[in-house]
Amino acid sequence: MKYVAFIFVCLAASAADRWVDYRIGPFHVISNAGDKAAREKLNQIEQFRWVLGTQLGKVGMGKAGLDTMWPIDIVLFANQREYLAHSAGKPFFEGGSATLSAWVADTAFPHEWLKALARLLIDDNASRMPDNLETALCDLFSTIQVTNTHVKLGAPLSTNELPPDRLRLWAKMQMLATLPDYSGKLRVYLNNIQQTGDEGVAVRNAFDLTPAKLDALLDAYIKAGKFEAAPVNGEPLDPNRDFPEKPLDKAFIDGLLAELDAGGKNFPPDSPRGLVEKNTHASLELAIKANPRWAEPHAKLAAISTNSLEKMKELKTAAALDPRNASYWQALAEAQAAADQYEDAAKSWSLAEKAAVNEAERAKIHIAKMALDTARADFSEAEKKRRADEAARDLERVKAAAAAEVHAAEAAARERMNAGKAPYQKPVEWIDEPAGQKMEGKLTRVDCLSGGSMRFDSAERRRRLDQGHGPGFE
């Protein structure tokens, strides 16, 4: 009997030491709880990813589905004791090279864990939607039920799980996801919200209703109180076949468990996040190579750069990689404005507004954008004056150049005309004034007399004649 017990303990210890990595898409389930439990958990979160991706318009039509900036490593422990020894106390947190989580093989994922997973997938894949709508979508997907490839969505929440205002929004999403009149159009609604951010446009395009009419229908639905899960299309896969597995060695597991114990507070120095913490140009470049989809090292490169063009280049890359991060768009707008690129800065400010998490942040960004508009107007006036002054200077330069050409042509012509002759000398001015009486006055008349002589008549001459003097000037 003792011998049998000894064999059992040895087998249990051996199983607990055997860690296997099961994976699909961005998910890695790393478990010592056995093959069946690991595959079931991985199937659940993969179906979760598929259904959410379908509703967000990221599945089908050549789209591969939701992806994440980091791989998601979920350590699935065989029992509660092991889990509690390494639990970070939160659903997901940062690891050096992945997003980390941990759970127990024989326990269903709690709603808060599933909400956090939905938020992570939305953040990495969807355009910004109103924050309360994104929260409602996370609340809705926390109720997902998965059995192999059979998936249901919209199961009732437990009493007092959500506050009243949030519960109403969950009911709205639950109604749109489960009732046949709306469920086929929820994808259109969410796509319109992502594109425009306008609830009225989204409701009209998806359901041919006004927001007021939809609210009235929601009131009646909540009053009836019949919240039931509805089947949705799952991903066609076989958990026993479609999840590649890979045994892991003790060194890898020891490092992973150490990261779980750190709870996202420190990272291996050579991991991407460890490299970013060093914050040198060389370490940031290595972090970019380690994870080309990560925006943060580009933003940090911009922060330490003293070259304005290099700074804008890195900020553009960061904003493109993480378009929901309003701070990246704002930093880019400020850099563009500092370089007098006001048109580009205005576009970046608009994208910063669109990426704002809530109305308070959006209002703050809008005020900064208005300050930019004032600076852009001042710059426009100064630029207009500069261009006018430059045009005037250009005109003067053209005139001077044309005059110089004329003078050069005249000089060349004179040189040709005087070829072989003495240099041209300007005549000396002279006048041989006749002797005799002089008179000043205003000439009023000239008479031609016989013999070629002339008689000048003026007011002065008439005055002299009147005074008895001779005729003069004949």
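The values are calculated or read from the model by the stated rules, or taken from the named source; none is laboratory data. Because the structure is predicted, anything quoted here is derived from the model rather than measured. Glycine gets a Cβ as well: all are built from the backbone with ideal geometry, and neighbour counts include every protein chain shown. Surface accessibility is based on the protein's heavy atoms, side chains included, excluding ligands, DNA and RNA. Shrake-Rupley method; radii C 1.70, N 1.55, O 1.52, S 1.80 Å.
Quick notes on this structure:
Quick grid of which residues meet (1) surrounded by fewer than 18 Cβ atoms within 10 Å (Cβ to Cβ); (2) among the β-branched types (Val, Ile, Thr); (3) part of a helix (DSSP H, G or I); (4) touching a residue at least 24 places away in the same chain (Cβ under 8 Å):
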site	(1), (2), (3), (4)
PRO323	yes, no, no, yes
GLN336	no, no, yes, yes
LYS347	yes, no, yes, no
ALA360	yes, no, yes, no
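- Evaluation of VAL398 against (1) over 30 Å from GLN336 (Cα atoms); (2) open to solvent by less than 80 Å² (accessible area, probe 1.4 Å); (3) at pLDDT 70 or above (one fails), failing number: (2)
- Any hit, the stretch 38-49, residues being of a type in the set (Phe, Trp, Tyr), under 27 Å from ASN291 (Cα atoms), open to solvent by less than 50 Å² (accessible area, probe 1.4 Å) and part of a helix (DSSP H, G or I): yes
- So LYS172, is it in a helix (DSSP H, G or I) and either touching a residue at least 12 places away in the same chain (Cβ under 8 Å) or of a type in the set (Val, Ile, Thr) (or both): yes
- Set ARG416, ARG387, ARG393: member being out of contact with any Phe, Trp or Tyr (no Cβ under 9 Å at 6 or more places or on another chain), open to solvent by 100 Å² or more (accessible area, probe 1.4 Å) and modelled with pLDDT of 80 or more: ARG393
- Test: residue in the stretch 256-264 that is assigned to a helix (DSSP H, G or I), among the acidic types (Asp, Glu), under 32 Å from the mean Cα position of the chain (by Cα) and surrounded by 13 or more Cβ atoms within 10 Å (Cβ to Cβ): yes
- Cβ pairs under 9 Å, 6+ apart, first in the stretch 380-391 and in a helix (DSSP H, G or I), second acidic (Asp, Glu) and modelled with pLDDT of 70 or more: GLU383/ASP340
- ALA206, sole failed condition from (1) within 15 Å of GLN174 (Cβ to Cβ); (2) in a helix (DSSP H, G or I): (1)
Let's see how each residue does on (1) in a loop (DSSP other than H, G, I, E, B); (2) open to solvent by less than 40 Å² (accessible area, probe 1.4 Å):
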site: ASP242; (1), (2): yes, no
site: PRO247; (1), (2): no, no
site: ILE253; (1), (2): no, yes
site: ASN266; (1), (2): yes, no
site: GLY274; (1), (2): no, yes
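- Among the candidates GLY65, GLY95, GLY89, the residue that is at pLDDT below 95 and closer than 24 Å to ASN325 by Cα is uniquely GLY65.
- Residue within the stretch 133-144 that is charged (D, E, K, R), closer than 23 Å to THR68 by Cα and at pLDDT 95 or above present: yes
- Conditions (1) assigned to a helix (DSSP H, G or I); (2) closer than 21 Å to VAL59 by Cα; (3) touching an Asp or Glu at 6+ places or on another chain (Cβ under 9 Å): number failed by VAL151: (1)
- Condition met for PRO236 (free of Cβ contacts under 8 Å to residues at least 12 places away in the same chain, open to solvent by 20 Å² or more (accessible area, probe 1.4 Å) and outside any helix (DSSP H, G or I)): no
- For the residues SER183, SER142, the requirement of being closer than 30 Å to LYS354 by Cβ, open to solvent by less than 10 Å² (accessible area, probe 1.4 Å) and either hydroxyl-bearing (Ser, Thr, Tyr) or more than 37 Å from the chain's Cα centre (by Cα) (or both) singles out SER142.
- Pair list, Cβ < 6 Å and 6+ apart or interchain, from the stretch 220-231 residues that are touching a residue at least 24 places away in the same chain (Cβ under 8 Å) and assigned to a helix (DSSP H, G or I) to residues that are surrounded by 10 or more Cβ atoms within 10 Å (Cβ to Cβ) and of a type in the set (D, E, K, R): none
- Flag if VAL20 is farther than 24 Å from THR143 by Cα and at pLDDT 95 or above: yes
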